[in-house]
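To start, the structure under review is shown below, and the notes come after it.
Every number here is computed from the coordinates shown, using simple stated rules; none is lab data. This one's a predicted model, so the numbers in the text were calculated from it and none came from an experiment. We place every Cβ from the backbone using ideal geometry, glycine too, and count neighbours over all the protein chains shown.
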Amino acid sequence: MKTLITILMLGVASPALAQHSGHTMTMPMPAPAKKPAPAPAKKPAPAPAKKPAAPAKKAAAPVKKAPAPVRKPAPAKPKAAAQAPTTPTAAMDHGSMGEAMPMGDAMDPTMPMDQMDHGAMDHGAMDHGAMDHGAMDPAMAMDHGAMDHGAMDPAMPMDHAATGGDAMAMPVPLAPIPLAPPPPEAGSGPARAAEAIYGAEAMREAREALKHDTGGQSFAWFMADRAEYRARQGRDGYLWDVQGYYGGDIDKFWFKSEGEGSFGEKPEQAEVQALWSHAIGPWFDLQAGVRQDLAGPDRTHAVIGVQGLAPYLFDIDAAAFLSNKGDVTARIEAEYDQRITQRLILQPRGEVNLAAQDIPALGIGAGIDSLELGVRLRYEFAREFAPYIGVEQEWKLGGSADFARAAGHDPSVTNYVAGVRFWF
Amino acid sequence: MLNDPYDRRSILRASALFGGLALTAPMPAWARGANLAHGTVRQGFDQVSGASIDLAIGEGMFATGGRVGHAFAVNGSVPGPLIRLREGQEVTLNVTNNLAIDSSIHWHGILLPFQFDGVPGVSFPGIKPGETYTAAFKVRQNGTYWWHSHSGLQEQAGHYGPIVVDPAGADPYAADRDYVVLLSEFTPMHPHSIMAKLKKGDAYFNHQKTTLTDDYPLSAADRLMWGKMRMMPTDILDVSGSTYTYLLNGHGPDDNHELMFRPGERVRLRFINGSAMSFFNIRIPGLAMTVVAADGQNIRPVEIDEFQIGTAETYDVIVEPTREQAFAIVAEAMDRSGMGIAMLTPAAGMRAAVPALREPILLTMADMGMGGGHGDMQMGGAPAADPAMDHAAMGHTPAPAAKPDDAMGDMAGGDMAGGDMAMRSMAGMNMRDTSMLPPQVKVGPGLDMVAMNPQDRTGYPGLGLDKVDHRVLNYRQLSALEANTDRRTPSRAMEIHLTGNMERFMWSFDGKKFAAVSEQPIRFAYDERVRVKLINDTMMVHPIHLHGHFFEVVNGQDPAHQPRKHTVNVQPGSSVTFDLTANEPGDWAFHCHLLFHMHAGMFQIVTVESPTGASA
């Protein structure tokens, strides 16, 4: 199965790739570069050798005013210390910083430091040790007012400006500030502040509306990917291939229908599928449901499949079917949109039908039942409306070809198609 | 509105000239440049001020440049009125909802008690049809801000306007003329229809995709690489000029919007990005701009020639045109699919040449979260890559201002040179190595990429502006004019990942849409000082906005002068860090200010506990 998909995709891909030959290949694909391996940013890995003693709880260590290369460790709250390293990494000397930057502290090393030389700023007066939240009383906030702002001359030369040439200072790493959850003083539970003012009832309604309007919506989509006239030897025919969904980002009701036939005859094939579609990754949905055949012998199938966007932007729809007669079949479709201009799009398309067993009643032989390769050129007058022309070649293969010949049909048919692709 | 006691310098003439300030400029509609065929919604805005201000939310038809559509209009205009306040005053804002649906107004960037912040479902229940909602508070700040609806997608349809708060004392950047330049978009398309197309269509609004016949500097190998990733290098903005007409003060490029000056005057332009989904590149060819405020907060002056403004950001600039000639104020959409235009002119009717749209741009390695990020490494590297991008050398030699990244993280060796890096890094790389994510990030369909080496790119000027040959503003140049009051070292740090799936148009924080975390807000203790690192695991830039607070962007300035912002752009595949003093108790919205990203789930509630410890 995998090989089949690969072959199919290569087949579909080749026209598109070939068309790139006009571009010079200025970028040879080099051997895989060694993957830069920044240690996961979350994994605390401070250099243990340089580990200074962690400051004791409430050790009132005033911030150094001097631009000392050795940084004061962030004031550690006991709780935070238990969850994240508070130890600074090696001495962070501004001068040597470019190359020696270890990755993988609790914080990104590019995190600028804010304990740089503050010059005349009266930081020393601020007792960081006293910032233990447990001990923090609301009045303490007012202490900020006591800070000597007046003494801060806005024109004060910044030390970084001096090194940087202009006001562009480089962010400088800081003794890591611990990644930590909120302290107990942050409270807990949902956001309900407005209820005290406007009432619980009024807020509940607005909250539900907000939830819905902020990612909770459902959308409906319908697309006729192919709705076309098929000119060919013998009687000309028609084909439809439509699908649509209704639902949210993850779960959707998905419906599909396709069918084809020759004018003046009963439809050769027609079916409708009703599926539950569930996003299983960024690009693929898992789909399961039922398929009802509307032409030929009455068949109902259980369906399971995947649909989505494969690497290199192939639209893939692959499904396996188990009929009420116990027959197992599968269908894989792939499409690729090759834009020629913003509106003119060439769409190679391939489809392969497989069967696990002979199904004489349907003229299907075990193995590869049929193969279709086609290409359609569409013009998007609007994104939603694009007439197209194209050609598609169908082959019945193996046992299916024998069945076709026995029935007096040509196992190989070339269709010249004209149709319209539209969606809303 | 009847009486503006603060209008000493008779400033903000934009409103007078083009909004038709009813009393001082009793001009008929045609004289204000309004098209009589419009219907009911006026382009441009009035000014309202005083202790009690009435606003009425209505609707009507809006037209510009041949596009006509439905709009929400406050006090009858788009944008709605300029709310002009004075620092220190008490203000009562009475907002009447004349729509048939709920509405709201959020005062963006204004510090106030949370219950007046205007976010339905977070700070209040919303304004029901026919109801008048009153917000009364003391104005504690000055600067340039704006207001907009926080209900559904109303903001896209015209429900927004500027706020200017005059300082209580002298303005360090007083100017002879003072104009609001509010950037926004108009589309005749219903916002819900835009959302549906974003969900269902394949980059529906992008008409600059790679094709067989494009001129993008991409090799076949580059194209294959992008295809392999199932990403598009042209995913710059989700909604483009294909449906948007870009507005300056409510006027489209063909509407001849004029801002007057006399040569020699200092002109202050208060740029407000009130758009729903657009980043703009702002320049005034022929004039240098001196940036004096960001997000309403004064900064030390920085002279530049161009800047990129993210959605919901504001920048005040001063220009000093000395010649008797007109200058074009160009607001080019970041994806270069369109632009807004106004004329800075000494005489009515005088025009300056409008530059053509520049070439569309492409995402680069850095935008994939591969570190590097020197901007030169545009995939395909048509522009000659700056050779010898030697990391060792970069470390601390004073890197030129424009160097976007100090990249102290080691990129696979540190000796790679420019263009070669692209493919070399790509080979064997896993673009979605979820093992690198912290445990709080939910791995699922809503996460299509993990930035493997996200760098702090506060030195990056913005997509497409790293290669221009003039001076472009970047965050590292922002230095607060008035020193920050809280310079404590944060007691703890936290990380928030910005996550998304371009294909499915899913957007979230930490892989979880708001609906999944609506009962688990981000909590802070009162007055807690926290360092917050935003890591962008997507290839789009996100303007992240925290309500009710200013945070200080950790940009390499000393802590006293880290710039205070309410909205910070997190570049694709990169990180931004800010220090927050959580001293505004209550529940606050925290979200991506790209309207449709928020609408898709990139939203959270931040709860700041009250000082007493009781539930706020």
Is the range A:221-423 rounded, prolate or oblate when judged by the Cα gyration tensor, a ≥ b ≥ c being the square roots of its eigenvalues, rounded requiring a/c under 1.5 and prolate requiring a/b larger than b/c?
-> oblate
In nm, to one decimal, how far is the modelled label at A:TYR198 from the one at A:HIS278, with both set 7 Å along Cα→Cβ?
-> 3.6
Over the Cα atoms of the range B:478-608, what Rg and Dmax result, in angstrom?
-> 14.3, 44
Considering the zone a paramagnetic label at A:LEU309 would reach in this model (a point 7 Å from Cα along the Cα-to-Cβ line), which residues of the range B:520-541 have amide N under 19 Å from it?
-> B:537-541
Estimated FRET transfer efficiency when R0 is 51 angstrom, pair A:GLN233-B:VAL68 (beta carbons, to 0.05) = 0.45
Evaluate the relative contact order of the range B:478-608 (contact order divided by residue number), counting alpha-carbon pairs under 8 angstrom at least 6 apart; express in whole percent.
-> 33
Inter-label distance, nm, simple model (7 Å from Cα along the C-beta direction), B:ASP469/B:MET61 | 4.8
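Can you tell me the length gained on complete extension of the stretch B:SER242 to B:ILE101, counting 0.36 nm per residue apart and subtracting the Cα distance?
47.9 nm
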First obtain the Kirkwood hydrodynamic radius of the range A:228-269 from its Cα pairs, then insert it into the Stokes-Einstein equation at 20 °C and 1.002 mPa s, and state the resulting D in µm² per second as a whole number.
-> 177
Please turn the phi angles of the range B:112-120 into ³J(HN,Hα) values with the Karplus equation 6.51 cos²θ - 1.76 cosθ + 1.60 (θ = phi - 60°), one per residue in order, whole Hz, x for glycine and proline.
-> 7, x, 4, 5, 9, 6, x, 10, x
Sequence-distant or interchain residues sharing an amide H contact under 5 Å with B:VAL302, placed H: which?
-> B:VAL291
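State, as an integer percentage, the relative contact order of the range B:71-144 based on alpha-carbon contacts under 8 Å between residues 6 or more apart.
On the way: 112 pairs, mean separation 28.3, N = 74.
The value is 38 percent.
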Per residue of B:510-520, what is the mean number of Cβ atoms on other protein chains within 10 angstrom of that residue's Cβ?
-> 4
Find how many whole Å separate the alpha carbon centroid of the range B:492-516 from the alpha carbon centroid of the range B:192-264.
-> 23
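Set the Förster radius R0 to 41 Å, insert the Cβ-Cβ distance between B:THR134 and B:ASP171 as r into 1/(1 + (r/R0)^6), and round the FRET efficiency to 0.05.
Numbers: r = 30 Å, r/R0 = 0.72.
Taking R0 as 41 Å, the efficiency between B:THR134 and B:ASP171 is 0.90.
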Flagged links, alpha-carbon separation over 29 Å, of B:LYS199/B:LYS467; A:LYS396/B:LYS228; B:LYS228/B:LYS467; B:LYS199/B:LYS442; B:LYS200/B:LYS565; A:LYS396/B:LYS209 = B:LYS199/B:LYS467; A:LYS396/B:LYS228; B:LYS200/B:LYS565; A:LYS396/B:LYS209
With θ set to phi - 60° and the Karplus curve 6.51 cos²θ - 1.76 cosθ + 1.60, what are the ³J(HN,Hα) couplings of the range B:235-245 in order, to the nearest whole Hz, using x for Gly and Pro?
-> 7, 9, 10, 6, 10, 10, x, 5, 10, 9, 9
Under 5 Å from the placed amide H of A:ARG226, counting only residues 5+ away or on other chains, we find A:ASP241
Over 11 Å [Cα-Cα, the range B:557-600], rounded percent = 78
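What number in nm² do you get for the range B:115-254 if you take the convex hull of its Cα atoms and divide its surface by four?
That works out to 14.5 nm², a quarter of the Cα hull's surface.
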Collect residues whose amide H, placed 1.01 Å from N in the peptide plane, falls under 5 Å from the amide H of B:ALA56; neighbours closer than 5 in sequence don't count.
-> B:ASN75, B:THR96
Which ³J(HN,Hα) values, rounded to whole Hz and listed in residue order, are derived for the range A:180-194 from phi using the Karplus coefficients 6.51, -1.76 and 1.60 in 6.51 cos²θ - 1.76 cosθ + 1.60 with θ = phi - 60°, glycine and proline given as x?
-> 8, x, x, x, x, 5, 6, x, 8, x, x, 7, 9, 4, 6
Sites matching GluC sites (Glu not before Pro) across the range B:35-129 that sit in DSSP coil, with at most 16 neighbouring C-beta atoms within 10 Å = B:GLU87
Burial order of peptide ranges B:229-238, A:297-306 (average beta-carbon count within 10 Å, highest first) = B:229-238, A:297-306
If the label point is 7 Å along Cα→Cβ of A:ILE340, which residues in the range A:380-397 have backbone nitrogen under 17 Å from it?
-> A:380-382, A:386-392
For labels at B:ALA347 and A:LEU286 in the simple 7 Å Cα→Cβ model, what's the distance in nm?
-> 7.4
